[in-house]
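Peer 1: Once you've had a glance at the structure underneath, I'll fire off some questions.
The values are calculated or read from the model by the stated rules, or taken from the named source; none is laboratory data. Fair warning: this is a prediction, and the values are worked out from it, not measured in the lab. Methodologically, a virtual Cβ is constructed for each residue, glycine included, from the backbone with ideal geometry; neighbour enumeration extends over all protein chains shown. For accessibility, only protein heavy atoms count, side chains too; no ligands or nucleic acids. Shrake-Rupley method; radii C 1.70, N 1.55, O 1.52, S 1.80 Å.
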Amino acid sequence: MAVRPILKMGTTSLMQPSVEWPSDKFASPELSSLLNDMRETMVDAHGAGLAAPQIGQNVRVVIFEVLENPRYPAVSVPFTVLINPTITPLSDTLEEGWEGCLSVPGLRGAVERYDHIRYTGFDAEGNLIDRTVQGFHARVVQHECDHLDGVLYPMRMSDMSKFGFTEVLFPNLAPYDDH
């Protein structure tokens, strides 16, 4: 396991679509190594999620987890490995919320996302995941899966007046709470 460097906005590979993880490589040492590095990197960076492209692997693999957090007191998202995901909006309702990103450090922006989605994909063993979620959980999944299509959250923003440095917009947040 290793903490890997997180690529930053402007890196060409972050803007490219990722390829599907091969179905014959579930439960493989290669996948296990990638997932271990992703989790160690996410934890080290105090992130809520991480997509493989953020560490230079353009494959359709994301992880996410939100434990108790003073910024989201009623929110808990279980640790999830999601491979080759598909997202289906279950409502036309969009909700604006503040987002940050490990690949866009120190900045936050208001982004509209679907509030109610169904996501499917596979876990590390190749077992089907099929969940229906709302609110912050739905936001996290959409944010991480956007990375698989070469999309960073500023590209989804419609009002750039709601984009700025975390320390200016939210001066009371801890220094690492920019994602």
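Peer 1: What would the Debye equation give as log₁₀ I(q)/I(0) for the chain at q = 0.11 Å⁻¹, counting only Cα atoms as equal point scatterers?
Peer 2: Scattering profile of the chain, log10 relative to I(0): -0.44.
Peer 1: Once R0 is set to 30 Å, what does the formula 1/(1 + (r/R0)^6) return for the Cβ-Cβ distance between ARG39 and THR132, expressed as a FRET efficiency to the nearest 0.05?
Peer 2: My answer for the efficiency is 0.75.
Peer 1: What is the ratio of the Cα radius of gyration of region 1-105 to 2.2 N^0.38 Å, where N is its residue count, to two decimals?
Peer 2: Working: Rg = 14.6 Å, N = 105, 2.2 N^0.38 = 12.9 Å.
Cα-based Rg divided by the globular estimate yields 1.14.
Peer 1: In addition: Just to confirm, what accessible area per residue do you get for the chain at 1.4 Å probe, in whole Å²?
Peer 2: 50 Å²
Peer 1: Out of region 49-157, which GluC sites (Glu not before Pro) are coil in DSSP terms and have no more than 14 other C-beta atoms within 10 Å?
Peer 2: Details: sites: GLU65, GLU68, GLU95, GLU96, GLU99, GLU112, GLU125, GLU144; in loops: GLU68, GLU125.
Answer in residue order: GLU68, GLU125.
Peer 1: Taking 0.36 nm per intervening residue step and subtracting the Cα-Cα distance, what contour gain separates THR120 from LEU90 on full extension?
Peer 2: On the way: separation 30, 0.36 × 30 = 10.80 nm, distance 1.30 nm.
Additional length available on full extension: 9.5 nm.
Peer 1: Also: Using a 1.4 Å probe on the protein chains only, how many percent of the accessible area of the chain belongs to carbon and sulfur?
Peer 2: On the way: 4680 of 8910 Å².
Here it works out to 53 percent.
Peer 1: Cα atoms only, region 55-161: Rg and Dmax in Å?
Peer 2: When restricted to the Cα atoms of region 55-161, Rg and Dmax are 13.7, 43 Å.
Peer 1: Which distance in nm do the two modelled labels at LYS8 and TRP98 give, with both placed 7 Å along the Cα-to-Cβ direction?
Peer 2: 2.2 nm
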